[in-house]
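Engineer: Structure in structure tokens, see below.
The values are calculated or read from the model by the stated rules, or taken from the named source; none is laboratory data. Being a predicted model, the structure only gives us computed values, none of them experimental. Don't worry about glycine lacking a Cβ; one is built from the backbone with ideal geometry, like all the others, and counts go over all protein chains shown.
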Amino acid sequence: MKSSFNPFEMAQQQFDKAADVLELDQATRELLRNPLREYHFNIPVRMDDGKFRVFRGFRIQHNDSRGPCKGGIRFHPQETVDTVKALSMWMTWKCAVVDIPLGGAKGGVICDPHNLSAREQEAICRGWVRQVARNVGPINDVPAPDVMTNPQHMLWMLDEFETIHGGRYPGFITGKPVGMGGSLGRTEATGYGVVYTLREALKLIGVDIQKTSAAVQGFGNVSQYAVRLYQQLGGKVVCVSSWDQSDQTSYTFRKEEGVDVDALLAITDHFGGIDKAKAAGLGYEVLPGGAWIEQDVDILIPAALENQVTGDNVGKIAPRVKVIAEGANGPVTPEADKVIKQKGIFVIPDFLANAGGVTCSYFEQVQCNMNYYWTQAETLQKLDEKMTAAFHAVAELAKKRKLYMRDAAYVISVSRVAKACRDRGWV
Ligand code: NAD
């Protein structure tokens, strides 16, 4: 993925800070700074024109001391091993911060689904599983969808895994379609999870959510559900933004009285791109992509991509901003993070704020193992409890040890994983 930083080095630097606070010994540092296992492989595919193409695939298992590895599979033309390694490490911390019994992994294939037929994508999915079928599975590593992969890809992967192993193993993979082992509530889970933690943060700093406004970057899965729930709780979202594929740039769509999710959804493609001409017709101001960060609001929710708040634009954040809830993974660069910390803005760090997705994936696995499925209300209730408890554990530690929220979240996660490694006698 395009990035101004090496994401793996950034993940290691963040880990090193927590290791210093925890005074971790050298062996534990070495064990947790790098993935336990990496699989790099080729996936040969016969294309629709009859010719063969070879795609590069990965599965990186960072740590499984607390339970089977868990993490998505990305399809992206600019995928890099270092991005996958960083994301696998962040998955370990994410599962640990919400205290679910899972470790961290991530996978990927260098490919562009925009230019592949459904049959070719199916062949890549099946080929990916064939290469790692003995290294993944319900008791050692459970994949899920991620950038440009969806429930259909998961079902093809499940079918291949079950064909190889000769049985029904719905707990092998999550993010499956509802009715084929998927969980109700999974679609909403990440965006709602962001807002459950935001709701608790506002209570903690004594701000009435009904008197707040927010600016949101992105209008995909995370953003759409975050905006919906936040507005249901009485907040006002003044803008969202999205990537315009035909112009190869992003735009911000602003409406001072608050955006209308349903009206915007009706003019949004399935990649989360809003039609700018139609938005203007609905009375939205169409501003440059970077305008979301400059809004005079109480809350910022970056929910698009990594590296979006940088040294270049962090100075544009309005003095009124009190909370940044990181819906995306790694949206703030280390340079910008220092400025945000100095400004005293309350940050809900990415691997806490967006952990709703993996928590619901864990619930999906639990339901698959029971072969009994919960209602949507039951799933979301359990999700709210988990996210709320995780938020307060981090906030209490931050208060007690006078730590920045991101550092407190790292300290909790790393200490849980380090303890599991020590208890198992690994270090
Ligand atoms: P998505 O693909 O559904 O939506 C992404 C949105 O961002 C789209 O609206 C797109 O137009 C917009 N976008 C892309 N580039 C942009 C740019 N330069 N400026 C403004 N907008 C831009 O993705 P998603 O599932 O909503 O994920 C968003 C982020 O949240 C990613 O960082 C992802 O890794 C993270 N995340 C997602 C989940 C999940 O369950 N979906 C879970 C955890 C973390």
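Engineer: Looking at the range 270-285, is at least one residue in a loop (DSSP other than H, G, I, E, B), within 12 Å of the ligand (Cβ to nearest atom) and farther than 19 Å from residue 147 by Cβ?
Structural biologist: Yes, the range 270-285 has at least one match.
Engineer: Given 246, 250, 241, which one is within 14 Å of the ligand (Cβ to nearest atom), free of Cβ contacts under 8 Å to residues at least 12 places away in the same chain and either hydroxyl-bearing (Ser, Thr, Tyr) or touching a Phe, Trp or Tyr at 6+ places or on another chain (Cβ under 9 Å) (or both)?
Structural biologist: Going through 246, 250, 241 in turn, just one is within 14 Å of the ligand (Cβ to nearest atom), free of Cβ contacts under 8 Å to residues at least 12 places away in the same chain and either hydroxyl-bearing (Ser, Thr, Tyr) or touching a Phe, Trp or Tyr at 6+ places or on another chain (Cβ under 9 Å) (or both): 246.
Engineer: Would you point out the residue of the range 214-238, among those that are surrounded by 21 or more Cβ atoms within 10 Å (Cβ to Cβ) and within 8 Å of the ligand (Cβ to nearest atom), that is modelled with the lowest pLDDT?
Structural biologist: By that ranking, first place goes to 220.
Engineer: Of 183, 250, which residue is out of contact with any Leu (no Cβ under 9 Å at 6 or more places or on another chain), more than 17 Å from residue 300 (Cβ to Cβ) and modelled with pLDDT of 95 or more?
Structural biologist: 183
Engineer: If I filter the range 343-361 for residues that are part of a helix (DSSP H, G or I), in contact with an Asp or Glu (Cβ under 6 Å, 6 or more places away or on another chain) and of a type in the set (A, V, I, L, M, F, W, C), do I get at least one hit?
Structural biologist: Yes - at least one qualifying residue is present in the range 343-361.
Engineer: Which one is surrounded by the most Cβ atoms within 10 Å (Cβ to Cβ), of the residues in the range 81-107 that are of a type in the set (S, T, N, Q) and touching a Pro at 6+ places or on another chain (Cβ under 8 Å)?
Structural biologist: Checking each candidate, the answer is 88.
Engineer: Go through the range 144-190 and give me each residue that's surrounded by fewer than 21 Cβ atoms within 10 Å (Cβ to Cβ), among the polar types (S, T, N, Q) and part of a loop (DSSP other than H, G, I, E, B).
Structural biologist: The answer is 150, and nothing else.
Engineer: Quick check on the range 308-326: of everything there that is part of a loop (DSSP other than H, G, I, E, B) and closer than 17 Å to residue 252 by Cα, which residue is nearest to the ligand (Cβ to nearest atom)?
Structural biologist: Among those residues, the one meeting the criterion is 308.
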